[in-house]
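Enquirer: For reference, the structure I am asking about is given below.
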Amino acid sequence: MVTVGTFDGIHLGHQAILKRLNELARETGLEPVVVTFHPHPRVLVTPQNYPLMLTTLDEKEHFMPCFHGGAVVVLEFNEQLKEMSAERFAQEILVRQLGARKLIVGYDHAFGKNRGGGIADLKRIGGQVGFDVEVVEPVMVSGRPVSSSRIRAAMHEGHLREAVALLGHEYAIFGTVERGIGLGRKLGYPTANVNYGQDKLLPFPGVYACRVEVQSEKKMGMMFIGHNHFNAAKAVTVEANLFDFDRDIYDAEICVYPTHFIREGRKFASTGELAEQMANDKMNVLGIIGKGETTCQ
């Protein structure tokens with residue numbers, strides 16, 4: 001029992017496919033297998049215009065078990081796979097390597113070289129090489145199908161609440177804690193700097209209330225996404241200040257979930273001015289937490 005896709009975001013549409021895959025696996029006794037790709041196929045197909053990821057490979061590995069109880073096979077999307085025809089992919093990967101007897105796909109699934117194989121081709125090939133095909137209909141929200149591209153557009157426009165509604169789960173930024181310039185600690189607001197993947201799509205720059213998971217603990221806090229103007233490198237950083245937490249977590253895995261947009265980032269004339277603004281930001285975040293609000297703004 002197999003499904004194939006990039007599953008970027010593991011959004012509501014993907015979840016419907018995974019739910020059906022695992023339901024049928026329980027009914028038939030077949031093992032449910034998810035086949036996905038890394039890097040995203042468009043990195044090779046359209047290298048001048050490929051999307052940043054809603055979920056990096058590390059994030060997929062971290063969160064896929066929440067929605068799928070079986071094996072996950074990650075195929076390296078290289079030139080050989082890029083040039084593989086739909087027929088050859090079905091025969092060599094799905095049948096010969098995975099022993100697929102049934103394939104579950106989304107309504108807009110296409111596969112093979114240049115996405116040349118559509119649903120009709122897949123059903124025809126499946127009949128020839130020995131697997132059935134079931135198509136899962138789109139999940140509709142506000143009259144439109146949920147898709148990764150739709151979620152990316154919402155993220156680019158700063159509509160985090162809409163993106164989260166389409167995802168069906170909080171937006172996660174997963175990585176390891178790396179050393180920054182230490183300014184936050186000097187100002188009384190130590191931050192965990194997240195070493196996120198370079199191909200990760202970040203939310204709109206600014207300050208957010210956030211939820212954080214690190215070393216089996218769950219904390220609330222505030223976070224900054226953007227250019228730290230006091231950092232000479234001026235790279236886009238993701239920094240989280242965890243409330244009621246002061247422990248060395250360098251190199252630890254961390255997952256940060258922005259929950260409420262507080263304000264846009266701006267350049268401060270001095271570190272004192274920044275510290276004053278951070279105090280105001282924390283008051284705003286604590287006010288949101290005190291109201292028990294957990295949905296994204």
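The values are calculated or read from the model by the stated rules, or taken from the named source; none is laboratory data. Owing to the predicted nature of the structure, the values given are computational and were not obtained by experimental measurement. A quick note on method: Cβ atoms are made from the backbone with ideal geometry, for glycine too, and the neighbour counts reach across all protein chains shown.
Enquirer: Here are LEU160, LEU187, LEU201: which of them is assigned by TED's automatic domain parsing to the domain that holds ILE249, of a type in the set (A, V, I, L, M, F, W, C), in contact (Cβ under 8 Å) with a residue 24 or more places away in the chain and closer than 29 Å to MET140 by Cα? Step through it out loud before you land on a result.
Expert: Values: LEU160 fails: assigned by TED's automatic domain parsing to the domain that holds ILE249; LEU187 fails: closer than 29 Å to MET140 by Cα.
None of the other options fit; the residue is LEU201.
Enquirer: Another question about this same structure. Answer with yes or no whether PRO51 is of a type outside the set (A, V, I, L, M), within 18 Å of the chain's Cα centre (by Cα) and outside any helix (DSSP H, G or I).
Expert: When the stated conditions are applied, PRO51 passes them.
Enquirer: So which of VAL105, VAL73 is surrounded by fewer than 16 Cβ atoms within 10 Å (Cβ to Cβ) and either assigned by TED's automatic domain parsing to the domain that holds HIS62 or not in a strand (DSSP E or B) (or both)? Even if it seems obvious, please write down each step before you answer.
Expert: Details: VAL105 fails: surrounded by fewer than 16 Cβ atoms within 10 Å (Cβ to Cβ).
Of VAL105, VAL73, the one residue that is surrounded by fewer than 16 Cβ atoms within 10 Å (Cβ to Cβ) and either assigned by TED's automatic domain parsing to the domain that holds HIS62 or not in a strand (DSSP E or B) (or both) is VAL73.
Enquirer: Kindly indicate whether any position in segment 49-72 is among the aliphatic types (A, V, I, L, M) and closer than 18 Å to GLU137 by Cα.
Expert: Start the filter on segment 49-72 by keeping residues that are among the aliphatic types (A, V, I, L, M), which leaves 52-54, 57, 64, 71-72.
Filter again for closer than 18 Å to GLU137 by Cα, leaving none.
No: zero hits.
Enquirer: What do you reckon, is PHE67 surrounded by 16 or more Cβ atoms within 10 Å (Cβ to Cβ), in contact with a helix residue (DSSP H, G or I) (Cβ under 6 Å, 6 or more places away or on another chain) and over 24 Å from LYS113 (Cα atoms)? Don't jump to the end; show me each part of the working.
Expert: On the way: surrounded by 16 or more Cβ atoms within 10 Å (Cβ to Cβ): yes; in contact with a helix residue (DSSP H, G or I) (Cβ under 6 Å, 6 or more places away or on another chain): yes; over 24 Å from LYS113 (Cα atoms): yes.
Against the criterion (surrounded by 16 or more Cβ atoms within 10 Å (Cβ to Cβ), in contact with a helix residue (DSSP H, G or I) (Cβ under 6 Å, 6 or more places away or on another chain) and over 24 Å from LYS113 (Cα atoms)), PHE67 qualifies.
Enquirer: Assess whether ARG144 counts as being modelled with pLDDT of 95 or more and assigned by TED's automatic domain parsing to the domain that holds LEU12.
Expert: Working: modelled with pLDDT of 95 or more: yes; assigned by TED's automatic domain parsing to the domain that holds LEU12: yes.
So ARG144 fits the description; yes.
Enquirer: Same structure, new question: Within segment 166-179, take every residue that is surrounded by fewer than 18 Cβ atoms within 10 Å (Cβ to Cβ) and more than 23 Å from VAL141 (Cβ to Cβ) and give me the one that is modelled with the lowest pLDDT.
Expert: Restricting to residues being surrounded by fewer than 18 Cβ atoms within 10 Å (Cβ to Cβ) and more than 23 Å from VAL141 (Cβ to Cβ), the top hit is ARG179.
Enquirer: Residues GLY29, GLY13: which one is at positive phi and of a type outside the set (A, V, I, L, M, F, W, C)?
Expert: The conditions single out GLY29.
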